[in-house]
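Have a look at the structure below before the remarks.
Just so it is clear, none of the values below were taken in a lab; they were calculated from the coordinates. Given the structure is predicted, the values throughout are model-derived calculations rather than measurements. FYI the Cβ positions are ideal-geometry reconstructions off the backbone, even for glycines, and counts take in every protein chain you see.
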Amino acid sequence: MTESTTEQSVFWSPAVAQLKPYVPGEQPKSTERLIKLNTNESPYPPSPKAQAVLQEDGLAAHLRLYPDPESTQLRETIAAEFDLTPEQVFVGNGSDEVLAHAFYSFFQRPEPLLFPDITYSFYPVYCQFYGIESRTLPLREDFSIGVEDYAVENAGGVIIPNPNAPTGRYLPLAEIEKLLQLHPERVVVIDEAYIDFGGESAVSLIDRYPNLLVIHTLSKSHALAGLRLGYAMGQAHLIEGLNRAKNSFNSYPIDGIAQKVATAAIADRAWLADNCAKVIATREWTCEQLTKLGFDIVPSTANFIFAKPTKTSAEALFLALRERNIIVRYFNKPRISEYLRISIGTDEEMQALVSACQEILQ
Ligand SMILES: *Cc1c(COP(=O)(O)O)cnc(C)c1O
């Protein structure tokens, strides 16, 4: 195959020729000597109970047969964890896949889907993929979501991450309720990829709101980005909608080993609480240190911070850190091109980041 990223191939369908795919953060082939603070992974290994599953004898024997297409045990475990029934839980191969099914199942409508101007950049990609119209609503000056802005007539649905990405800002549950009440006949998706780092989940609202779908991932707080496991929670009629899409696309999205590892990880509540507490403590320390160095930092309830250096440009600092083998995320986009998104690493990694910034800004 010849390298051709810009030229289109005659074999592509017109739809594929028009796609603008999502570009994930850099995953270097070797992370030796590299401090990787660019994709919000956990700096610590996953629960020992999840790791132990991979040491079990005869694990490979599971690979001969197809896995349980319904991931029954995993869904039962998630349901028990959140006081739901298994019919209120849907699992997918990463929350990105769950999101894709949600866009397909609920947002393909004549009216536009609403989301913030600054948010997870996969949302516009799914809109394009499924031909969904969208309308972005600007975050306020301080990067908070103004819920009153979502009171637009004829919306096809609403999706927001809470806490938002890449800002890290959290929207209280009372505000989420207002969103749900603004569009009672449309689905409101709350993408809670970072909820375990200090926020309160909207799961508690599921009983009262038939239009609420909450999406979680094991990639961040559970330290299992490589496993690819995400899930959605909502009333059974929404989950049934997702199942119709899933079973028209791939009946076996979760392999048998992933089902077992994820089940063990979710059941280990104590590990999750401890892991998140460590990350939160390191986040607060990092914020203090970078504030002393003159950064403006958006209040974060996530495992990353959104920080604006005031003594140099964000891009210059991004490049200078890269030279010192520290990778953070820089978005060359309107309104946020003066900010860096920095994932929270171990204490040692964040000390190295602070020292590097000090040196660069001298
Ligand atoms: C990381 C992230 C996801 C994707 O998570 P996966 O489960 O790894 O696909 C979804 N939404 C937001 C806002 C994220 O930051």
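With K and R counted +1 and D and E -1, the other residues having a Cβ less than 15 Å from that of VAL23 yield a net charge of +2. Cross-link partners for LYS278 among the lysines, with Cα-Cα distance under 21 Å and sequence neighbours closer than 8 places in the same chain left out: LYS36, LYS49, LYS220. List the residues whose amide H sits under 5 Å from the amide H of LEU113, counting only those 5 or more places along or on another chain, with H placed 1.01 Å from N in the peptide plane. Distant-sequence amide H within range of LEU113: GLU133, SER134, ARG135, GLY156. Oblate is the label for the range 186-285, because a/c, from the alpha-carbon gyration tensor with a ≥ b ≥ c as root eigenvalues, is 1.5 or above and a/b does not exceed b/c. Counted as membrane-span-like here are DSSP H helices of the chain whose alpha-carbon atoms extend 20 Å or more along the helix's own axis and whose Kyte-Doolittle mean is -1.0 or above; these are 269-292, 347-361. Given R0 = 41 Å, the distance between the Cβ atoms of LEU65 and GLN108 translates into a calculated FRET efficiency of 0.75. Comparing TYR231, TYR252, TYR170 in a Gaussian network model of the chain (Cα springs below 10 Å), the most mobile by mean-square fluctuation is TYR252.
Relative contact order of the range 48-267, please, whole-number percent, based on alpha carbon pairs below 8 angstrom and at least 6 residues apart. After rounding, I find 30 percent.
Listed by chain and number, the lysines whose alpha-carbon sits under 17 Å from that of LYS308, ignoring those within fewer than 8 places in the same chain, are LYS292, LYS333.
When peptides 217-230, 36-49 are sorted by average Cβ neighbour count within 10 Å, with the highest value leading, the order is 217-230, 36-49. Packing around the peptides 187-199, 66-78, taken as the average count of other Cβ atoms within 10 Å per residue, puts them in this order, highest first: 187-199, 66-78. Let a ≥ b ≥ c be the square roots of the eigenvalues of the Cα gyration tensor of the chain; is it rounded (a/c under 1.5), or, if not, prolate (a/b larger than b/c) or oblate? Rounded shape, in that the Cα axes give a/c under 1.5. Relative contact order, whole percent, for the range 69-163 stands at 27, derived from Cα pairs under 8 Å and 6 or more residues apart.
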